[in-house]
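*Asks:* The following block contains the structure, expressed as structure tokens.
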Amino acid sequence: MKDTKLLDKFNEAKQILCGYDYYIHIPKKILHLTNGELKIPHLMGLQYIAKEGMFEGDQGVYMIKSGRLRYDSIEKLIQKYYKRTEKQKSVAAMVYGKINNLPRINEMLRSESVLYLYDITANPELRLKTDYLLVNQQQDVVLQLGLIKAAKTKEQICHCNSFMVDYKKDADYDLHYRNLTHCYEISKIVCEEKDTKRAEVIYQSRKAEQRERAGIEKMFEAAGIVADEKLIKTVLRLNKKFGIYHTPDMLNDREALLKQCKDKREMNIVMDFFALWEENGIHAGTVGGR
């Protein structure tokens with residue numbers, strides 16, 4: 001049977017990184033993370049298995065898609081490129097670690113992470129060229145994603161330019177970030193599908209959710225709406241699912257809310273909201289006159 005594991009991992013990563021844009025909300029700015037497939041071979045660590053450029057960029061993508069580079073052939077290439085057995089083992093472990101864990105970027109973006117401003121002077125020996133380092137603590141590993149700002153743009157557009165996997169059983173698992181001092185609180189991450197522009201909040205910090213909940217309560221109070229806990233929670237769900245903050249007028253527009261739905265699950269969320277909206281004595285067309 002043909003070995004397609006490398007291609008499968010490539011396609012998984014491509015779906016996550018290239019099918020969507022991500023908006024990382026930090027104090028006073030929003031980082032817009034967008035990527036193309038040409039960077040994936042580098043994130044997989046394929047620059048370490050042969051001479052420079054051989055398996056990177058469009059050449060790397062071609063070699064993976066055509067099947068000329070396979071998961072089971074990587075170790076042989078490493079053994080050919082490096083002479084010392086110890087070096088061969090360490091490089092193979094690093095590269096396979098990157099390849100196998102790259103799809104877990106999806107977990108990184110959907111759970112609590114720390115975003116560091118990367119200061120190269122803190123770790124000059126690492127020679128890591130990146131502007132931000134997103135660090136995510138998993139049970140057994142620490143996943144780290146380097147983000148670099150796009151050149152010649154005033155907007156906060158970033159691309160992924162490095163991916164590291166460090167194992168907590170190792171003494172230096174925190175080497176890439178332990179000397180970094182400036183970090184940002186991530187309040188939320190919004191995922192936007194590139195083709196349809198449909199957005200969804202895929203991560204929100206507890207503090208950010210508490211602030212949003214307080215804002216919803218004040219919004220209803222200002223509109224003269226008495227809302228119970230169930231209604232407030234359902235509005236929070238709507239905001240997350242569709243990636244926007246719904247005002248009373250938007251909540252009162254039944255047709256517009258239904259148009260947002262793309263599947264039965266989203267329809268159920270909206271219908272649950274309508275039921276609670278009416279339970280609280282609010283009916284379509286009444287908000288503006290209250």
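*Asks:* Among the candidates LEU145, LEU133, which residue alone is surrounded by 19 or more Cβ atoms within 10 Å (Cβ to Cβ), touching a helix residue (DSSP H, G or I) at 6+ places or on another chain (Cβ under 8 Å) and closer than 17 Å to HIS42 by Cα?
*Replies:* LEU145
*Asks:* Criterion first (over 17 Å from the mean Cα position of the chain (by Cα) and either surrounded by fewer than 19 Cβ atoms within 10 Å (Cβ to Cβ) or part of a strand (DSSP E or B) (or both)) does LEU7 satisfy it?
*Replies:* yes
*Asks:* Of the residues GLU255, GLU278, only one is open to solvent by 70 Å² or more (accessible area, probe 1.4 Å), modelled with pLDDT under 90 and acidic (Asp, Glu); which?
*Replies:* GLU278 is the lone residue from the list that is open to solvent by 70 Å² or more (accessible area, probe 1.4 Å), modelled with pLDDT under 90 and acidic (Asp, Glu).
*Asks:* Determine, yes or no, whether VAL190 is buried (at least 17 other Cβ atoms within 10 Å of the Cβ) and under 30 Å from GLN260 (Cβ atoms).
*Replies:* Yes; evaluated as a whole, the condition is true for this residue.
*Asks:* Also, I was wondering about something else. Looking only at segment 205-240, count every residue that is part of a helix (DSSP H, G or I) and open to solvent by 20 Å² or more (accessible area, probe 1.4 Å) and tell me the total.
*Replies:* Residues meeting the conditions: 19.
*Asks:* Would you pick out the residues in segment 77-126 that are more than 30 Å from GLU192 (Cα to Cα) and of a type in the set (Phe, Trp, Tyr)?
*Replies:* TYR81, TYR82, listed by residue number.
*Asks:* Report whether or not GLU266 is among the acidic types (Asp, Glu), touching a helix residue (DSSP H, G or I) at 6+ places or on another chain (Cβ under 8 Å) and touching a residue at least 60 places away in the same chain (Cβ under 8 Å).
*Replies:* So GLU266 does not fit the description; no.
Yes/no matrix, rows are residues, columns are (1) in contact (Cβ under 8 Å) with a residue 40 or more places away in the chain; (2) buried (at least 20 other Cβ atoms within 10 Å of the Cβ); (3) under 26 Å from ALA13 (Cα atoms); (4) not β-branched (Val, Ile, Thr):
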{"position": "PRO124", "(1), (2), (3), (4)": "no, no, no, yes"}
{"position": "ARG127", "(1), (2), (3), (4)": "no, no, yes, yes"}
{"position": "ASP174", "(1), (2), (3), (4)": "no, no, yes, yes"}
{"position": "LYS194", "(1), (2), (3), (4)": "yes, no, yes, yes"}
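The values are calculated or read from the model by the stated rules, or taken from the named source; none is laboratory data. Everything quoted here is computed from the prediction, not taken from an experiment. Don't worry about glycine lacking a Cβ; one is built from the backbone with ideal geometry, like all the others, and counts go over all protein chains shown. Note: areas computed on protein heavy atoms with side chains; ligands, DNA, RNA excluded. Shrake-Rupley method; radii C 1.70, N 1.55, O 1.52, S 1.80 Å.
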